[in-house]
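Quick notes on the structure that follows.
The values are calculated or read from the model by the stated rules, or taken from the named source; none is laboratory data. A quick note: this is a predicted structure, and the numbers were derived from the prediction, not measured. Counting neighbours? That spans all protein chains shown, and the Cβs are built from the backbone with ideal geometry, glycine included.
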Amino acid sequence: MTIIATLLRSAELPDSPTARLDAELLLAAALGKARSYLHTWPERIVTSEAAAAFAGFIERRRRGEPVAYILGHQGFWKLDLEVAAHTLIPRPDTELLVETALQLLPRGSARVLDLGTGTGAIALALASECGAWQVTAVDRIAEAVALAERNRVRLELGNARVLESHWFSALDGERFDLIVSNPPYIAAADPHLSAGDVRFEPASALVAGIDGLDDIRHIVQRAPQHLAPAGWLLLEHGYDQAAAVRELLARHDFEQIESRVDLGGHQRITFGRLLC
């Protein structure tokens, strides 16, 4: 017989900077309990079935698979989202996009577009905060569209819709008060692509050409055709790309251009307004 405390002590995750947290999340999932249960009942006996499930989870994590993919869900904003290997895992830094979008637009009626939605994280967070907003989420990957739609339905967000679209391809004639995106922005030769959790995430959602700016260039160039008067474009980008993104926005007649800093102190998002 094995108890909870012993299992946690025996979990070896030498390459994870969050080894204890990972082990607790995985054991809680194997037990079908909340993580707080582990601290409340550390001497509880674990069934052989749960212990075997936990061992399998630990082995997957030891090979580098992200905890979110093992569990099948990830918290973002105030939501719990289903995740899968064909979408990026929502990250805390991306919540800065949500915070900024809520500051840029009034809470009254507005049309919002989330490009490359993946799990639907950004779009669904915004829809959950502003019931008067009509939020459209698009992705070119059919599996991502289906996943985001499952999240939307489960969260009962009737003011959001999910469409299959390669950026603006399915949105002819539609205009929005705000366009927001966390597009691919990593350079093709970036060594980070072969390290850590990123190894397991889809390259199509990460890589954007030689300098990482190909998709951002496309969005900035096409966004004016889909923005309402005085509409905003809000983008996440790489830690060293803020100046380049501000230049792109200025070149395409955006004004009130500004970058903001993420939790790590890097300029992580940039936005501008199309006033002309």
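Couple of notes before you dig in:
- Top-ranked residue of segment 231-241 - restricted to ones that are at pLDDT 95 or above and more than 19 Å from the chain's Cα centre (by Cα), ranked as surrounded by the most Cβ atoms within 10 Å (Cβ to Cβ): G231
- Residues of segment 19-38 that are charged (D, E, K, R) and assigned to a helix (DSSP H, G or I): R20, D22, E24, R35.
- Of all the listed residues (G231, G265), the sole one being closer than 22 Å to R175 by Cβ and among the small types (G, A, S) is G231.
- Among the numbered conditions (1) within 27 Å of G173 (Cβ to Cβ); (2) surrounded by 21 or more Cβ atoms within 10 Å (Cβ to Cβ); (3) among the aliphatic types (A, V, I, L, M), the only one that I89 does not meet is (1).
- Sole residue being closer than 22 Å to T100 by Cα, assigned to a helix (DSSP H, G or I) and at pLDDT below 95, chosen from R217, R246, R222: R217
- Test for Q103: is it more than 14 Å from the chain's Cα centre (by Cα), more than 24 Å from R260 (Cα to Cα) and either of a type in the set (F, W, Y) or modelled with pLDDT of 95 or more (or both): no
- Strands (runs of 3 or more DSSP E) contained in segment 56-172 and holding at least 1 residues hydrophobic (A, V, I, L, M, F, W, C), in contact (Cβ under 8 Å) with a residue 40 or more places away in the chain and in contact with a Leu (Cβ under 9 Å, 6 or more places away or on another chain): 73-76, 79-82, 110-115, 160-164
- Cβ-Cβ under 8 Å pairs, at least 6 apart or on other chains, segment 5-30 side under 20 Å from H73 (Cα atoms) and touching a residue at least 12 places away in the same chain (Cβ under 8 Å), far side acidic (D, E) and in a helix (DSSP H, G or I): S16/D22
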